[in-house]
Amino acid sequence: MPYKTGKALIYAVLLWVIGFVWGSIVFMTPALKTVAPIPYVSRNPVISFPILIIWLIATYLLAKSYLQAADDKVAEGLKLGIVFSVVNVLLDLLVLVLLLKAGFSYFISLTVWLAYFMLLMIPWITGRSVQKTGA
């Protein structure tokens, strides 16, 4: 478990909420909702590509903040990345797939898996970087 489990979970949920809010905005905007899907890449590119960019920045900033006080920043970065990915998979499964009935086809998208991979790797890479530089 991460050394600050509560903070890691809050950050993970915050990242998911950012994506959920952006997705909600897109679904409430008729012009954005009608953008054609890219088969096997993205069911809704107007949602997925901006989220990838936003998550890239937000995940780095949250990981850097979280890891500042950690002793072993590399190990804690990996643990944080695992929490980010697992929480987002579970919330996507519970909220999007089951409650909002998006169906399991939601997971047949390259951008979804790229997002989970980013959430796993960015905190670990940030931990390595912060540990090397001592910043």
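The values are calculated or read from the model by the stated rules, or taken from the named source; none is laboratory data. Note that the coordinates shown come from a computational prediction; the quantities given were computed from them, not determined experimentally. Quick reminder, even Gly has a Cβ in these numbers, built from the backbone with ideal geometry, and neighbours come from all protein chains shown. Keep in mind that these areas ignore ligands, DNA and RNA; they rest on the heavy atoms of the full protein, side chains included. Shrake-Rupley method; radii C 1.70, N 1.55, O 1.52, S 1.80 Å.
So how exposed is Leu98, as accessible area in Å² (1.4 Å probe, rounded to 10)?
Surface open to solvent at Leu98 totals about 90 Å².
Please provide three numbers in whole Å: the alpha-carbon extents of the range 1-50 along the principal axes, with the largest listed first.
The Cα atoms of the range 1-50 stretch 43, 24, 11 Å along the principal axes, largest first.
Taking a probe of 1.4 Å, how large is the accessible area per residue of the chain, in Å²? Mind showing how you got there, number by number?
Numbers: 7490 Å² over 135 residues.
Per-residue value: 55 Å².
Roll a 1.4 Å probe over the protein heavy atoms and report the accessible area of Leu99 in Å², nearest 10.
130
Counting Lys and Arg as +1 and Asp and Glu as -1, what is the net charge of the other residues whose Cβ lies under 10 Å from the Cβ of Trp124?
On the way: positive: Lys73, Lys79, Arg128; negative: Glu76.
Net of charged neighbours comes to +2.
Could you please put Ile10, Ile38 in sequence from largest to smallest accessible area, using a 1.4 Å probe? Kindly include the intermediate steps, with their values, before the conclusion.
Details: Ile10 115, Ile38 70 Å².
Reading off the accessible areas and sorting them downward yields Ile10, Ile38.
Please compute the Cα-Cα pair-distance distribution of the range 1-101 with 5 Å bins starting at 0, giving whole percents from short to long.
Bins of 5 Å from zero give 2, 12, 20, 21, 17, 12, 8, 5, 2, 0 percent of pairs.
Roll a 1.4 angstrom probe over the protein heavy atoms and tell me the percent of accessible area of the chain that is carbon or sulfur. Working shown, then result.
Values: 5810 of 7490 Å².
The computed percentage sits at 78.
Rounded to the nearest 500, what is the 222 nm mean residue ellipticity of the chain from helices alone, with -39500 (n - 2.57) per DSSP H run of 4+ residues and division by all residues? Walk me through the intermediate numbers first.
Working: 5 runs with 94 residues, N = 135.
-23500 deg cm²/dmol, from helical runs alone.
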